[in-house]
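Contents: one structure, followed by commentary.
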Amino acid sequence: MMDNLTEIQKRFVDYIEKIMNSNKLSHAYLIETEDTSLEFPLILMFVKLILCPKNFVECKMLNCGQCNNCKLIDSNNFPDFEVIEADGAQIKKNQLLELKDEFQKTSLIGKRRVYLIKDAEKLNPSSANTMLKFLEEPEDNIIAILLTKNRYQVIDTILSRCQVLTLTDVSDSSIIDDNFLLFFQYLINGDDLFIHYKEILENILTDKTVAKDILSNVEKIIIQYLSDSNFNDKFSFLNKVSKKNLLKYVSIIEEELPKLVYNINYKLWLDAIYSRFLEVK
């Protein structure tokens with residue numbers, strides 16, 4: 001499997017290797033993935049690394065494949081690893097309360113415990129509030145992994161408490177059309193955002209939903225660009241922007257996009273985010 005990974009998957013593997021090497025595990029991760037079923041084996045490798053009792057250096061190909069923990073995880077019988085999936089259209093409060101009760105018991109095998117929530121955007125208000133309590137008061141050696149196709153569909157209070165990793169690659173996707181590239185260049189040029197304000201509003205960022213998709217993809221592309229020296233040459237205009245400023249753009253987007261879930265004035269929001277982009281120049 002490792003020989004057939006895409007570039008974005010390889011970057012994901014490199015990053016989790018660094019996490020394990022540094023012994024600096026976060027208490028919560030949110031992983032964006034376009035296809036959970038396709039990417040799940042790779043995510044499961046991360047889980048195995050967290051729970052494997054063998055020394056990380058000894059784990060070949062991110063999976064020692066020899067210890068009892070890995071074998072039990074593969075057979076869905078490891079007691080310190082729980083997977084939560086939607087019950088119907090939603091993930092319900094009682095599912096998380098049952099998880100909490102189970103994880104309050106003393107572990108019979110290892111020191112760490114992991115729970116994984118598929119389709120985290122399906123948390124309903126009640127279950128999201130319960131989830132938030134888990135994240136606000138993290139217990140030692142209990143690690144959460146949340147999966148989603150789009151981080152901005154996850155309630156922002158939960159998103160803000162997770163370290164975000166990505167297994168999505170948008171640099172060659174259908175959303176990268178001429179309008180997208182035009183807006184991206186306006187963004188990089190700063191003043192062009194207000195010069196072309198009407199054009200952007202009428203033809204590109206036409207409403208909240210479109211703005212959310214476009215700006216989240218801008219963020220992902222900047223992150224991919226920063227980690228890939230052989231990045232798609234259609235984004236060569238990024239070469240003239242410092243790494244420091246690109247990271248500021250990412251920070252602004254991550255702070256501003258969650259606000260779109262609230263009933264805010266869209267044009268005022270655009271004005272505010274444009275002004276923040278200009279401040280970076």
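Descriptive notes on the structure:
- As a summary of the residue check, C64 satisfies the conditions (1) modelled with pLDDT under 80; (2) assigned to a helix (DSSP H, G or I) except for the one numbered (2).
- For the residues L246, L193, L238, L181, the requirement of being in contact with a Lys or Arg (Cβ under 8 Å, 6 or more places away or on another chain) and more than 18 Å from Y152 (Cα to Cα) singles out L181.
- Qualifying residue in the range 227-235 (condition: assigned to a helix (DSSP H, G or I), charged (D, E, K, R) and within 25 Å of V154 (Cα to Cα)): no
- Boolean, S160 is in contact with a strand residue (DSSP E or B) (Cβ under 7 Å, 6 or more places away or on another chain), polar (S, T, N, Q) and surrounded by fewer than 16 Cβ atoms within 10 Å (Cβ to Cβ): no
- Out of E98, E121, sole residue that is over 25 Å from M20 (Cβ atoms), surrounded by fewer than 15 Cβ atoms within 10 Å (Cβ to Cβ) and either of a type in the set (D, E, K, R) or at pLDDT below 90 (or both): E98
- Residue ID - surrounded by the most Cβ atoms within 10 Å (Cβ to Cβ), chosen from residues in the range 28-50 that are modelled with pLDDT of 85 or more and farther than 25 Å from N77 by Cβ: L30
- Condition check for K212: touching a Leu at 6+ places or on another chain (Cβ under 6 Å), of a type in the set (D, E, K, R), crowded, with 16+ Cβ neighbours inside 10 Å and touching a residue at least 40 places away in the same chain (Cβ under 8 Å): yes
- Restricting attention to the range 224-237, the residues being within 21 Å of Y15 (Cβ to Cβ), surrounded by fewer than 18 Cβ atoms within 10 Å (Cβ to Cβ) and at pLDDT 75 or above number 1.
- Test: residue in the range 210-231 that is in contact with a Phe, Trp or Tyr (Cβ under 9 Å, 6 or more places away or on another chain) and acidic (D, E): yes
- Filter result for I155 (under 17 Å from D80 (Cα atoms) and touching a strand residue (DSSP E or B) at 6+ places or on another chain (Cβ under 9 Å)): no
- Long-range neighbours under 6 Å by Cβ, at least six apart or interchain, first residue surrounded by 14 or more Cβ atoms within 10 Å (Cβ to Cβ) within the range 71-91, second in a strand (DSSP E or B): I73/F81; D80/R113; F81/V114; E82/Y115; V83/L116; I84/I117; I91/L123
Quick grid of which residues meet (1) closer than 30 Å to L5 by Cβ; (2) modelled with pLDDT under 90; (3) β-branched (V, I, T):
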residue: L132; (1), (2), (3): no, yes, no
residue: I143; (1), (2), (3): yes, no, yes
residue: N150; (1), (2), (3): yes, yes, no
residue: I158; (1), (2), (3): yes, yes, yes
residue: Q163; (1), (2), (3): yes, yes, no
residue: S174; (1), (2), (3): yes, yes, no
residue: D177; (1), (2), (3): yes, yes, no
residue: E202; (1), (2), (3): no, no, no
residue: L205; (1), (2), (3): no, no, no
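- Among the criteria (1) in contact (Cβ under 8 Å) with a residue 24 or more places away in the chain; (2) more than 18 Å from Q153 (Cα to Cα); (3) loosely packed, with under 13 Cβ neighbours inside 10 Å; (4) not polar (S, T, N, Q), the one E202 does not fulfil is (1).
- Residue pairs whose Cβ atoms lie under 8 Å apart, separated by 6 or more positions or on different chains, with the first residue in the range 233-257 and under 17 Å from S216 (Cα atoms) and the second assigned to a helix (DSSP H, G or I) and among the polar types (S, T, N, Q), are I253/S216; L257/S216.
The values are calculated or read from the model by the stated rules, or taken from the named source; none is laboratory data. Model, not experiment: these values are computed from the prediction. Quick reminder, even Gly has a Cβ in these numbers, built from the backbone with ideal geometry, and neighbours come from all protein chains shown.
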